[in-house]
Amino acid sequence: MDKTELRLDPLTEAWTIFSEARAVRPSFGSVLHESGAPNPFTPGREQFASHTLHESRSSDGWQVRVTPNRAPALRIEGDPTRHPDGFYDHMDGVGAHEVIIETPDGKAFEDLSLSKIEKVIVAWKFRMLDLMRDPRLRSFSIVKNVGQAAGGFITHAVSQLLATAIIPPLLKQKLEIARAFYELKKRSIFEDILSEEIRNGTRLVYENNGFALFCPYAARAPFEMAVYPKRQCPDFHGVSDQEIAQLADVLQAGLRKLAAALGHPAYNLMLFTAPSRTRRQDHWGTIESDFRWHIEILPRLHHLGGLELATGCWVNGVWPEVSADYLRSLELGAE
């Protein structure tokens, strides 16, 4: 009989259904064989993204560039005040949507040198700090969509920064759960999760002095991974220079292992960080102690079906202990 199990994610209180019967071959292939849209991000095509918000240069030219998204989901202009619309509420789409061009050449993020990955992380931090000067903006997200199955339709290595005048529902849910856990137990749920993963070890993939990379207990997809900092800090922009180097190491290792394990799958990388705080005493009074910024890496191997959409439960055919064991076994080549 095929084994089945339900596992609860303590951070989102969402259930994942594990079923051996669903352990089938991925529906989506390697991103290496995809033909993307025309690439506007290579040297010599700067006119397609001419407004530079941040740039890291070397003697060979630019290494990392940040530009506004040409098709932004949100714009700086507008009024973030909520207005009634009959029974409903609405507001202007106030925010910022930027593209971080991670390299001038065609290399994948994980194939960049550690020093170049560090420059990308610095760009994330720099732009986040700059946008935080706008008091209308409350929440800041970094996302990488690699492969068409993950929403990436240009093959160049890029990430995106989205700043919003609202706190998105998923982040708000995590904030609420972290706050409630802290009120009950007087410690951070992130510290408890991290301590358990390091103590147990069966889902741990890689770690260094600053970060741990592991497959979550209630992983939504085969080979899903999470990156937790070992130092308590709610804000990604509080990352130190030493932690930037350590984070580059963890991301390179994790993404290289993922590429080797699944033959360069499509994936989403998502960075969650605490919202900016208002001067008034607000709902997030213990956020410095209860929340911790973190990264999730979600391979996109199958279409979401009606079962997932109807129940809100992900269905996974590979237990995270199996994924982590295989990922740990993969040897990484020299940089």
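The values are calculated or read from the model by the stated rules, or taken from the named source; none is laboratory data. Everything numeric here is computed off the predicted structure, so don't read it as measured data. Note: ideal-geometry Cβ built from the backbone for every residue, glycine included; neighbour counts use all protein chains shown.
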Some residue of region 102-109 being part of a loop (DSSP other than H, G, I, E, B) and among the hydrophobic types (A, V, I, L, M, F, W, C): yes
Residue that is surrounded by the most Cβ atoms within 10 Å (Cβ to Cβ) [pool: residues in region 97-120 that are closer than 18 Å to Asp241 by Cα and among the β-branched types (Val, Ile, Thr)]: Val120
Restricting region 27-75 to residues that are under 30 Å from Gly263 (Cβ atoms) and of a type in the set (D, E, K, R), the residue that is modelled with the lowest pLDDT: Arg45
Close pairs (7 angstrom Cβ cut-off, 6 or more residues apart or separate chains): free of Cβ contacts under 8 Å to residues at least 40 places away in the same chain in region 173-196, buried (at least 19 other Cβ atoms within 10 Å of the Cβ) and of a type outside the set (Gly, Ala, Ser) anywhere: Leu194/Tyr228
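Could you look through region 277-325, keep only residues that are β-branched (Val, Ile, Thr) and either at pLDDT 90 or above or part of a strand (DSSP E or B) (or both), and pick out the one that is surrounded by the fewest Cβ atoms within 10 Å (Cβ to Cβ)?
For region 277-325, the residue satisfying everything is Thr311.
Take the residues in region 65-116 that are β-branched (Val, Ile, Thr) and over 19 Å from the mean Cα position of the chain (by Cα), then tell me which one is farthest from Pro168 (Cα to Cα). Write out each step before concluding.
Narrowing region 65-116 to residues β-branched (Val, Ile, Thr): 66-67, 76, 81, 94, 99-101, 103.
Among the residues that remain, those that are also over 19 Å from the mean Cα position of the chain (by Cα) are: 67, 76, 81, 94.
Numbers: Thr67: 23, Ile76: 17, Thr81: 16, Val94: 13 Å.
Applying the filter and picking the extreme gives Thr67.
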Output for region 134-179, where each listed residue is out of contact with any strand residue (DSSP E or B) (no Cβ under 7 Å at 6 or more places or on another chain), under 29 Å from Arg256 (Cα atoms) and in a helix (DSSP H, G or I): Gln148, Ala149, Leu170
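Looking for whichever is surrounded by 15 or more Cβ atoms within 10 Å (Cβ to Cβ), part of a strand (DSSP E or B), over 16 Å from the mean Cα position of the chain (by Cα) and not aliphatic (A, V, I, L, M) here; the options are Tyr228, Tyr206, Tyr182, Tyr217. Which one fits? Don't jump to the end; show me each part of the working.
Numbers: Tyr228 fails: over 16 Å from the mean Cα position of the chain (by Cα); Tyr182 fails: part of a strand (DSSP E or B); Tyr217 fails: part of a strand (DSSP E or B).
Just one listed residue meets the conditions, Tyr206.
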Residue count, region 257-307 (criterion: over 18 Å from the mean Cα position of the chain (by Cα) and charged (D, E, K, R)): 6
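Look at Ile142 and say whether it is surrounded by fewer than 19 Cβ atoms within 10 Å (Cβ to Cβ), at pLDDT 95 or above and in contact with a helix residue (DSSP H, G or I) (Cβ under 8 Å, 6 or more places away or on another chain).
Details: surrounded by fewer than 19 Cβ atoms within 10 Å (Cβ to Cβ): no; at pLDDT 95 or above: yes; in contact with a helix residue (DSSP H, G or I) (Cβ under 8 Å, 6 or more places away or on another chain): yes.
It is false that Ile142 is surrounded by fewer than 19 Cβ atoms within 10 Å (Cβ to Cβ), at pLDDT 95 or above and in contact with a helix residue (DSSP H, G or I) (Cβ under 8 Å, 6 or more places away or on another chain).
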Selected residue (only one of Glu98, Glu196, Glu191 is among the acidic types (Asp, Glu) and under 30 Å from Arg82 (Cα atoms)): Glu98
